[in-house]
1. Residues of the range 58-95 being aromatic (Phe, Trp, Tyr), touching a helix residue (DSSP H, G or I) at 6+ places or on another chain (Cβ under 7 Å) and farther than 17 Å from PRO107 by Cβ, which ones?
2. What pairs come out if I take residues in the range 90-110 that are under 21 Å from THR128 (Cβ atoms) and pair them with residues that are open to solvent by less than 40 Å² (accessible area, probe 1.4 Å) and part of a loop (DSSP other than H, G, I, E, B) whose C-beta lies under 7 Å away, six or more apart or interchain?
3. Applying the selection to the range 75-94, what residues are aliphatic (A, V, I, L, M) and assigned to a strand (DSSP E or B)?
4. Looking at the range 58-88, which of its residues are open to solvent by less than 10 Å² (accessible area, probe 1.4 Å) and among the polar types (S, T, N, Q)?
5. Look at the range 139-149 and say how many of its residues are touching a Phe, Trp or Tyr at 6+ places or on another chain (Cβ under 8 Å), buried (at least 19 other Cβ atoms within 10 Å of the Cβ) and not aliphatic (A, V, I, L, M).
6. Looking only at the range 187-226, which residues are open to solvent by 20 Å² or more (accessible area, probe 1.4 Å), in a helix (DSSP H, G or I) and under 21 Å from SER126 (Cβ atoms)?
7. Taking the residues in the range 155-184 that are open to solvent by 50 Å² or more (accessible area, probe 1.4 Å) and not in a helix (DSSP H, G or I) as candidates, determine which candidate is modelled with the highest pLDDT.
8. Among the listed residues ALA72, ALA60, ALA100, identify the single one that is of a type in the set (A, V, I, L, M), more than 22 Å from TYR186 (Cα to Cα) and out of contact with any Lys or Arg (no Cβ under 9 Å at 6 or more places or on another chain).
Amino acid sequence: MSRASLAKEPHEVAAMFDGVAERYDLTNDLLSLGQTRLWRKAVAHAVDARPGERVLDLAAGTGTSSVPFQQAGASVVACDFSLGMLEVGRERNPFLDFCAGDAMRLPFADGVFDVVTISFGLRNISDTTAALREMRRVTKPGGRLVVCEFSHPTFAPFRTVYLEYLMRALPAIASRASSNPEAYVYLAESIRAWPDQRGLATLLQASGWRNVAWRDLTGGIVTLHRGRA
């Protein structure tokens, strides 16, 4: 299976990410014109990991997103359902604690994490509400959630240009940079189908998260949503 459908069968999505694991970080930096590094910094600031805290980084992939949390002194679990991503991650970041896991059935006890975060992974889960409830279950009372995900640009003319890039230029560039360009066709389609900022906030609230708020990055191409358990 070279590309997952928007039906998001878990084994198809996992296989798709297995196939792009080796060059995933490099390709993302290229396709985002370097913006991924700025987005990761924004996530690290929003998570605000502190010494002694336990942080669960879901859809952590190769662990690139997890490194800042450990550097801040937190105890981090980098969790992903793609075994290919985890294999590459263990080679590149052997100091991290990697764990294979399904976001809809997390292999952790109730209330064990101070912070749960997921970057560019919630969109790939077949049941968003089930995943958000699982994240709520494993978070301590009063604990924090940070979701970084693609969203909808807020300026209409820019949104039109962005969608044109997303559906035409992104797959074309990926065909030169990625080992599996079909995965980036799925990426473009899944971004278009994803709820806007308010829509995701509504899902968070319906899943039991309180004090839900969001902040747009890069004109709304990406949005940070936050909540409290």
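The values are calculated or read from the model by the stated rules, or taken from the named source; none is laboratory data. Here the structure is a predicted model, which is why all the values come from computation and not from measurement. We place every Cβ from the backbone using ideal geometry, glycine too, and count neighbours over all the protein chains shown. Side chains included, ligands, DNA and RNA excluded: accessible areas come from the protein's heavy atoms. Shrake-Rupley method; radii C 1.70, N 1.55, O 1.52, S 1.80 Å.
1. Within the range 58-95, PHE69 is the sole residue that qualifies.
2. Short answer, once both residue conditions are applied: ALA103/ILE125; MET104/ILE125; PRO107/GLY101.
3. VAL76, VAL77, ALA78
4. Within the range 58-88, THR62, SER66, SER82 qualify.
5. 4
6. Within the range 187-226, LEU187, GLU189, ARG192, ALA193, GLY199, THR202, LEU203, GLN205, ALA206 meet the criteria.
7. Top of the filtered list is PHE155.
8. Selected residue: ALA100, the only one of ALA72, ALA60, ALA100 that is of a type in the set (A, V, I, L, M), more than 22 Å from TYR186 (Cα to Cα) and out of contact with any Lys or Arg (no Cβ under 9 Å at 6 or more places or on another chain).
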